[in-house]
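Below: the structure, in structure tokens.
The values are calculated or read from the model by the stated rules, or taken from the named source; none is laboratory data. If you're wondering where the values come from, they're calculated on a predicted model, not measured in any experiment. Quick reminder, even Gly has a Cβ in these numbers, built from the backbone with ideal geometry, and neighbours come from all protein chains shown.
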Amino acid sequence: MKAARLVVLGIAVAAGGLAALLVGGGEEEPPPAPAPTTQLETVDVLVAKTDIEIGHVLTADDMGWQLWPAAAASPTFLRKSAMPNAIEDFTGAVARSPFSVGEPIRESRLIKGHGSGYMAAVLPGGMRAISTEISPETGAGGFILPGDHVDVILSRRNKELEKRADVEVFTSEIILQNVRVLAIDQTVDDKSGQKVVIGKTATLELSPSQSETLALARQLGTISLALRSLVDSGKGGTEHTREETSGRGINVVRFGVSTTASPTK
């Protein structure tokens with residue numbers, strides 16, 4: 001009996017091993033573990049959301065944050081980690097060069113506030129900025145502000161009429177109309193215990209021919225600015241016609257030859 005039992009037990013063990021071998025051979029090998037991937041490091045960079053032209057005054061809608069590969073980010077790029085308020089800080093800045101959509105914005109290509117280069121950036125193409133001295137009496141009492149439109153008046157002595165009338169004769173004429181004021185140089189003076197703001201220099205936006213007219217007029221007499229109403233600022237051009245003034249032009253002497261320079265060049 002013992003021998004029989006041993007034979008049966010051996011057969012059972014052999015059968016179990018064979019079954020286990022057959023079951024193990026049918027299973028698929030587990031897939032290999034995925035290779036570790038390198039995480040790409042990125043930074044938030046300030047970019048242009050629209051095409052920006054030279055002289056454009058930036059708004060918050062012109063700029064936005066965009067993910068950028070850290071390895072490809074130039075040190076000149078504006079990063080959110082370093083300047084989280086860059087959009088607010090550069091709103092109102094002027095572009096010194098154009099930006100394309102998606103192009104990173106560089107601080108060196110912007111003009112903040114009214115620093116060096118600001119006037120050249122905001123000046124329209126073909127126009128010039130020329131300054132002239134003013135006073136409360138010749139500058140509408142200090143009420144002229146940048147962005148206003150003015151008429152330029154020349155007041156001078158008329159020596160030809162003085163010879164005939166034997167008295168001092170002064171004439172005035174509007175030499176330029178509806179010109180835009182770019183800037184007013186303002187200082188604070190203390191008068192009668194009160195602080196008042198007085199402009200001493202006005203910078204005007206003129207065409208090249210108007211710049212010549214104003215430069216000549218400054219040598220001949222006193223320049224005054226007449227403030228125009230906001231309603232009238234958009235009417236008419238900056239060049240005026242002879243019928244609109246009572247003046248007779250500006251007499252210019254060049255190399256001994258006397259000619260009349262018309263303000264309506």
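Here's the yes/no breakdown for (1) part of a helix (DSSP H, G or I); (2) in contact with an Asp or Glu (Cβ under 7 Å, 6 or more places away or on another chain); (3) over 23 Å from D89 (Cα atoms); (4) at pLDDT 80 or above:
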residue	(1), (2), (3), (4)
G113	no, no, no, no
A121	yes, no, no, no
T132	no, no, yes, yes
E137	no, no, yes, no
S155	no, no, yes, yes
L161	yes, no, yes, no
Within region 225-234, of all residues that are in a loop (DSSP other than H, G, I, E, B) and of a type outside the set (S, T, N, Q), the one nearest to S155 (Cα to Cα) is R228
Consider V181 against the criteria (1) within 27 Å of the chain's Cα centre (by Cα); (2) modelled with pLDDT of 90 or more: it satisfies all of them except one. Which criterion is unmet? (2)
It is to be established whether one or more residues within region 72-84 are within 16 Å of the chain's Cα centre (by Cα) and of a type in the set (V, I, T). no
Do we find a residue being in a helix (DSSP H, G or I), surrounded by 10 or more Cβ atoms within 10 Å (Cβ to Cβ), at pLDDT 80 or above and in contact with a strand residue (DSSP E or B) (Cβ under 7 Å, 6 or more places away or on another chain) anywhere in region 62-70? yes
Residues of region 71-92 that turn out to be over 13 Å from L110 (Cβ atoms), among the small types (G, A, S) and in a loop (DSSP other than H, G, I, E, B), as a count: 4
What number of residues in region 139-153 are surrounded by 14 or more Cβ atoms within 10 Å (Cβ to Cβ), within 30 Å of the chain's Cα centre (by Cα) and either in contact (Cβ under 8 Å) with a residue 40 or more places away in the chain or part of a strand (DSSP E or B) (or both)? 9
Look through T238, T201, T222 and report the one residue that is more than 19 Å from R156 (Cα to Cα), surrounded by 12 or more Cβ atoms within 10 Å (Cβ to Cβ) and either modelled with pLDDT of 50 or more or not assigned by TED's automatic domain parsing to the domain that holds P146 (or both). T201
